[in-house]
Amino acid sequence: MVRVRCPYCRELVELYVDPDTTGTFVEDCAVCCRPWLVTAERDERRRLRVNATRAQ
């Protein structure tokens, strides 16, 4: 689980990201139901980094 801030309502939301997932996908906010474009990346130490922006 990772915590991301919704780019619309600004609430902190817990998001499950599969350990093997990388790339981008669309997820709806659990609070306001608006769509996010989620980017999941791994650094050189394989640590997960997740960013949510407004989906278009």
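Laboratory data are not the source of any read-out in this text; all were calculated from the coordinates shown. These figures come from a predicted structure and were not determined experimentally. So basically every Cβ, Gly included, is an ideal-geometry build from the backbone, and we count neighbours across all protein chains shown.
Count of segment 7-56 residues, restricted to those that are under 9 Å from the mean Cα position of the chain (by Cα) and in a loop (DSSP other than H, G, I, E, B), is 2.
Can VAL4 be described as part of a strand (DSSP E or B), in contact with a Leu (Cβ under 6 Å, 6 or more places away or on another chain) and among the β-branched types (Val, Ile, Thr)? Criteria met by VAL4.
Within segment 37-54, being in contact (Cβ under 8 Å) with a residue 40 or more places away in the chain, farther than 16 Å from MET1 by Cβ and of a type in the set (Val, Ile, Thr) holds for one residue alone: THR53.
Yes or no, residue by residue, for (1) without any contact (Cβ under 8 Å) to a residue 40 or more places away in the chain; (2) loosely packed, with under 12 Cβ neighbours inside 10 Å:
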site	(1), (2)
TYR8	no, no
ASP20	yes, yes
PRO35	yes, no
GLN56	yes, yes
